[in-house]
1. Quickly run through the stretch 60-71 and pick out the residues that are in contact (Cβ under 8 Å) with a residue 24 or more places away in the chain and more than 13 Å from the chain's Cα centre (by Cα).
2. Would you pick out the residues in the stretch 52-65 that are in contact with a strand residue (DSSP E or B) (Cβ under 7 Å, 6 or more places away or on another chain) and not in a helix (DSSP H, G or I)?
3. When the residues of the stretch 186-197 are filtered to those that are surrounded by 20 or more Cβ atoms within 10 Å (Cβ to Cβ) and closer than 16 Å to residue 109 by Cα, which remaining residue is nearest to the chain's Cα centre (by Cα)?
4. So, residue 31, is that one modelled with pLDDT of 85 or more and not in a loop (DSSP other than H, G, I, E, B) or not?
5. Limited to the stretch 36-51, what total is found for residues that are under 19 Å from the mean Cα position of the chain (by Cα) and part of a loop (DSSP other than H, G, I, E, B)?
6. Quick check on my filter: what residues within the stretch 207-217 are in contact (Cβ under 8 Å) with a residue 24 or more places away in the chain and either more than 12 Å from the chain's Cα centre (by Cα) or not in a loop (DSSP other than H, G, I, E, B) (or both)?
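The values are calculated or read from the model by the stated rules, or taken from the named source; none is laboratory data. In this text, all values refer to a predicted model and were calculated from it rather than measured experimentally. Virtual Cβ from ideal backbone geometry, glycine too; neighbours counted across all protein chains shown.
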């Protein structure tokens, strides 16, 4: 049920939003942050296959491939990650699963008012650190045949619209071939609170290509620096 909800939210966000670009972080900005040690909790990766009928289906194989690319990107990023915590997202981690689901839908204002549970905080504290970073990676890959049909339909509709409106309206929306979005939260395990919620702007990025994931992680890092934690 949670996977379906995450996919539904992510799909709507991805399909109707614009892209983003990498923004450099200055040395002055980097020096302003206080937190210099983070525990990276294994990202929750939820990648779906978009079929010819426009239906999203969670795919374990695609999710694992995306995770295998994302984790090294995070570990080699500018985030001060000192420890990687590989956990099992099974039913026994109910509280963490609930938190991940909530963090997609919550606003920054809501985040500051939420008290984290002991089970989540203990994951970080057990590593000997106070602060942790939790990520959710959602995305999709469209069926290639479906992409060609959708593309032809979009172009045809654009031409028809142009003819019917005598050229006053001719734009058409090209359907995304794939999409990727990453949600990030920084938590203070000692104080049991959320310090930061951030997400990259959804885009037509592949959730399997390193360069695209690096762009997204860099955008999240800028939000981290700006927060001056």
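1. So in the stretch 60-71, the residues in contact (Cβ under 8 Å) with a residue 24 or more places away in the chain come out as 62, 65-67, 69-71.
The answer is 62, 65, 69.
2. Within the stretch 52-65, 56, 57, 58, 59 meet the criteria.
3. 197
4. no
5. Count: 2.
6. Listed by number, the residues that qualify are 208, 209, 210, 212, 213, 214, 215, 216, 217.
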